[in-house]
1. What do you get for the angle between helix 131-191 and the principal long axis of the chain? Use alpha-carbon atoms, 0 to 90 degrees, nearest ten.
2. What does the net charge come to around residue 122 if you take all other residues with beta carbon closer than 13 Å to its beta carbon, with K and R at +1 and D and E at -1?
3. Please get the size of the charge dipole for the chain, origin at its Cα centre, with Cβ charges of +1 on Lys and Arg and -1 on Asp and Glu, quoted in debye to the nearest 20.
4. List every residue whose amide H lies under 5 Å from the amide H of residue 95, counting only residues 5 or more places away in sequence or on a different chain, with H placed 1.01 Å from N in the peptide plane.
5. When 49, 153 are ordered from fewest to most other Cβ atoms inside 10 Å of their Cβ, what list results?
6. For residue 129, which sequence-distant residues (separation of 5 or more, or a different chain) have an amide H within less than 5 Å of its own amide H, given hydrogens modelled in the peptide plane?
7. So what is the relative contact order of the chain, in percent, for Cα pairs below 8 Å that sit 6 or more residues apart?
8. Through the Karplus equation 6.51 cos²θ - 1.76 cosθ + 1.60, θ set to phi - 60°, convert the phi angles of the range 71-79 into ³J(HN,Hα) values in whole Hz; use x for Gly and Pro.
Amino acid sequence: MAGEEDKPLDETKSYTGIPEAQFVDDVDEFMSKEDNANNAQVVIKRLDEQLNKYKFMELHLQAKRRKLKSQIPDIKSTLQIVKEMKSRKDASDAIETNFLLSDQVYMKAKIPPTDRVCLWLGANVMLEYDLEDAECLLSKNLSNASKNLKQVEHDLDYLRNQGTTTEVTMARIFNWDVKRRRVQRAKEEEKA
């Protein structure tokens, strides 16, 4: 049985509940519906609100993508360090390394062979793991972050398509209204 991570992304749906924009094929039929009542201004206003919601969702997803893109390299480097420590745990010599103390400030350190490592989990929480468990946890976190990044990028593409569909619908309704007003004006001029 295939796991969740083995399933391909469905290109036709959103993973974060983004509502699908309605493509209007027949503007006359769409505008004659009861909730539209042939009032282009009301419909365009409603579509503009929907478009603003899409733009807000896009900002949120872009922030999420930036966060994931910064986390993935950190997880990879930590996983690489844990694997190196695991391969040298039975050796007698210490591992010499430089570690980041603060922005652009590194410190030299000697790490004696060990079978334990402390991982910073965030929210002021650090836990000690044996090397095997640490590697397993980091591998799982890397897999989840990569999967989430793929889903966020898919949702951003989906969201852009929904925004474009909404903008096209707004333009078509605006053009429909202009055409309707011209016809109406022409009829009024004929009567006069």
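1. In the chain, helix 131-191 runs at an angle near 10 degrees to the longest axis.
2. Residues close to residue 122 contribute a combined charge of 0.
3. Values: 32 positive and 35 negative charges, 142 e Å.
The dipole of the chain has a size of about 680 debye.
4. Here the answer is 111, since their amide H atoms fall under 5 Å of that of residue 95.
5. Fewest-to-most Cβ neighbours within 10 Å comes out as 49, 153.
6. Answer set, sorted by chain and number: 117, 118, 119.
7. 33 percent
8. In residue order, the calculated couplings are 6, 4, x, 5, 5, 4, 5, 5, 4 Hz.
Just so you know, all these numbers are worked out from the coordinates, no wet-lab data involved. In this text the structure is predicted, and so the values were computed from the model without any measurement. Note that each Cβ is placed from the backbone with ideal geometry, even for glycine, and that neighbours are counted across all protein chains shown.
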